[in-house]
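Asker: Before we start, here is the structure in question, set down as structure tokens.
No value in this document is a laboratory result; all are computed from the given coordinates. Every value quoted in this text rests on a predicted model; they were computed, and no experiment measured them. Here the Cβ positions follow ideal geometry from the backbone for every residue, glycine too, while neighbour counts run over all protein chains shown.
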């Protein structure tokens, strides 16, 4: 298993992938970078913008895109700071756009299920997974699935909050269960005994996934 903060390099895609622990709520942000073009995306910059920017700088990456799994405050707190520093475009599901507009951000691209996002030569697939919030999404990049607050290690996100829907969450989890079991799961919070897992692990050990 990859350690927190460890650079993960895919030689075929020439991709940098880093899991970044941030903030006081055990959040994970993620950095996805194309080694050739130096284009990169940050996923869920909830806290510690300077830390995220420094890591991107260390790899000589230019942040062009901010990807949001949903719009809970602990996942978007540092969006404005990173936009101000990089002029990045924010990508968010259309059901979550109002919260992003409240931040005073104009460069917004609205996402739908099955959309493909390009970061240099890297392709990121959008999987709409409502349940925690109406516009929650997961991002599939190579064999890694960034799950936000939809799927944690051996648990799932809350559905007992405004916008939560247990029925939709169940349908979203069914969708994720159909993915290849080797796909690695990278959650939005460090709530588990390990920092990331696999679809196979979740199907075996996560009650909500049939484990």
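Asker: Based only on other Cβ atoms within 10 Å, what is the fewest-to-most ordering of 78, 182?
Answerer: Details: 78 24, 182 9.
Ordered from fewest to most neighbouring Cβ atoms within 10 Å, 78, 182 come out as 182, 78.
Asker: Per Stokes-Einstein, at 10 °C and 1.306 mPa s, what whole-number D in µm² s⁻¹ belongs to segment 141-186, with the Kirkwood radius over Cα pairs as the hydrodynamic radius?
Answerer: 140 µm²/s
Asker: From zero outward in steps of 5 Å, how is the percent of C-alpha pairs of segment 44-121 spread across the bins?
Answerer: Histogram of Cα-Cα distances, whole percents per bin: 3, 15, 28, 25, 18, 9, 2.
Asker: Report D for the chain in µm² per second (integer): Stokes-Einstein, Kirkwood Rh on Cα pairs, 10 °C, 1.306 mPa s. Mind showing how you got there, number by number?
Answerer: Working: Rh = 16.8 Å.
Result for D is 95 µm²/s.
Asker: With just the Cα atoms defining each centre, how far is segment 65-94 from segment 140-167? Give it in Å.
Answerer: 18 Å
Asker: OK, next. Please report the antiparallel percentage of the DSSP beta bridges confined to segment 1-134, to the nearest 5. Walk me through the numbers on the way to the answer.
Answerer: Working: 19 of 31 bridges.
So the antiparallel bridges amount to about 60 percent of the total.
Asker: Which residue, 120, 46, 148, tops the fluctuation ranking in a GNM of the chain built on C-alpha contacts under 10 Å?
Answerer: 120
Asker: Could you work out the relative contact order of segment 161-211? I mean the mean sequence separation of Cα pairs under 8 Å and 6+ apart, divided by the number of residues, in percent. Provide the component values of the computation, followed by the final result.
Answerer: On the way: 41 pairs, mean separation 16.2, N = 51.
Dividing the mean separation by the residue count of segment 161-211 yields 32 percent.
Asker: Only helical DSSP H runs with n ≥ 4 go in: add -39500 (n - 2.57) per run for the chain, normalise by residue count and round the 222 nm mean residue ellipticity to 500 deg cm²/dmol.
Answerer: Values: 6 runs with 46 residues, N = 211.
Rounded to the nearest 500, the figure is -5500 deg cm²/dmol.
Asker: Size of segment 94-158 along its principal axes in angstrom, Cα-based, largest extent first?
Answerer: Per principal axis, max minus min of the Cα coordinates gives 36, 34, 17 Å.
Asker: From Cα pairs below 8 angstrom and at least 6 apart in sequence, can you work out the relative contact order of the chain, rounded to a whole percent?
Answerer: Details: 486 pairs, mean separation 31.4, N = 211.
Relative contact order of the chain: 15 percent.
Asker: Ok, one more. As a test of understanding, state the convex hull volume per residue of segment 120-203 from its alpha carbons, in Å³.
Answerer: Values: hull volume 7.7 nm³, N = 84.
Residue-normalised Cα hull volume stands at 91 Å³.
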